Amino acid sequence: MGKADIESRTFRRVMARFPTGVTVVAARNAQGEPYGLTVNSFTSVSLDPPLVLVCIDRKAHSHDPLLASDTFAVSILAAHQADIAARFADAPSGERFRDLPWESGPNGDPILKGAAAWVACSVWQSHGAGDHTILVGRVESLGDGDAEALVFHRSRYGTVSP
Ligand SMILES: Cc1cc2nc3c(=O)[nH]c(=O)nc-3n(C[C@H](O)[C@H](O)[C@H](O)COP(=O)(O)O)c2cc1C
């Protein structure tokens with residue numbers, strides 16, 4: 001139970017005991033092409049103004065474009081979208097949207113069809129935090145559907161109800 005020299009492996013294992021939802025954070029590049037990545041660090045922050053945050057790995061290809069972007073969208077994945085979560089974590093970035101139904105949100109950023117819910121954000125602030133950047137977005141528009149959300153717990157996908 002020491003506090004010094006915490007191994008990454010141990011940190012990951014302990015944090016994996018905290019169940020989260022799973023999202024795809026997406027925007028468009030300078031050519032207008034969609035890009036995005038799987039993110040479970042999504043959290044609501046403030047009600048007034050309505051703020052959310054995501055933590056983006058500084059090594060992610062999406063990091064610099066997202067930081068340079070004025071806007072981004074967060075699709076909260078539905079229980080049946082575990083394959084999409086895996087794709088947006090593992091597939092080459094140019095292939096992630098291929099043959100996938102999505103639509104442009106109010107700010108033009110990609111929202112995945114069938115998602116449990118979505119928020120479209122303008123970039124409010126960013127904060128360096130170790131090897132990640134905390135990206136705070138102001139929610140400009142949002143919506144939800146009927147689908148149950150996907151859950152990530154102990155490195156496995158699951159659902160809220162058994
Ligand atoms: C369930 C799950 C949650 C993830 N959450 C995050 C996250 O919060 N922040 C992050 O930077 N990467 C996260 N990742 C990893 C990225 O999705 C992955 O590294 C991705 O390939 C990055 O894409 P890019 O390099 O094209 O930006 C997560 C992966 C999985 C499977």
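Throughout, read-outs are computed from the coordinates displayed, never taken from laboratory work. Keep in mind that what you see is a predicted model, and the values were worked out from it rather than measured. Neighbour counts are summed over all protein chains in view; Cβ atoms, including those assigned to glycine, are modelled from backbone coordinates with ideal geometry.
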Query raised in the report: How many residues, within the range 66-90, are over 21 Å from THR43 (Cα atoms) and either surrounded by 13 or more Cβ atoms within 10 Å (Cβ to Cβ) or of a type in the set (Ser, Thr, Tyr) (or both)?
Result: 2
Report task. Name the strands (runs of 3 or more DSSP E) wholly inside the range 94-156 in which the number of residues that are within 16 Å of the ligand (Cβ to nearest atom) is 2 or more. Result -> 110-112, 117-129, 132-144, 150-153
Report summary line: Subset of the range 21-60, residues more than 19 Å from SER155 (Cα to Cα), touching a Phe, Trp or Tyr at 6+ places or on another chain (Cβ under 8 Å), within 9 Å of the ligand (Cβ to nearest atom) and assigned to a loop (DSSP other than H, G, I, E, B), comes to none
Query raised in the report: For the range 104-123, what are the residues that are touching a Pro at 6+ places or on another chain (Cβ under 9 Å), surrounded by fewer than 17 Cβ atoms within 10 Å (Cβ to Cβ) and of a type outside the set (Ser, Thr, Tyr)?
Result: LYS113, GLY114
Report summary line: Counting only residues that are loosely packed, with under 15 Cβ neighbours inside 10 Å, polar (S, T, N, Q) and more than 12 Å from VAL74 (Cβ to Cβ), the range 127-147 contains a total of 0
Query raised in the report: ARG28: of a type in the set (D, E, K, R), in contact (Cβ under 8 Å) with a residue 24 or more places away in the chain and buried (at least 16 other Cβ atoms within 10 Å of the Cβ), yes or no?
Result: yes
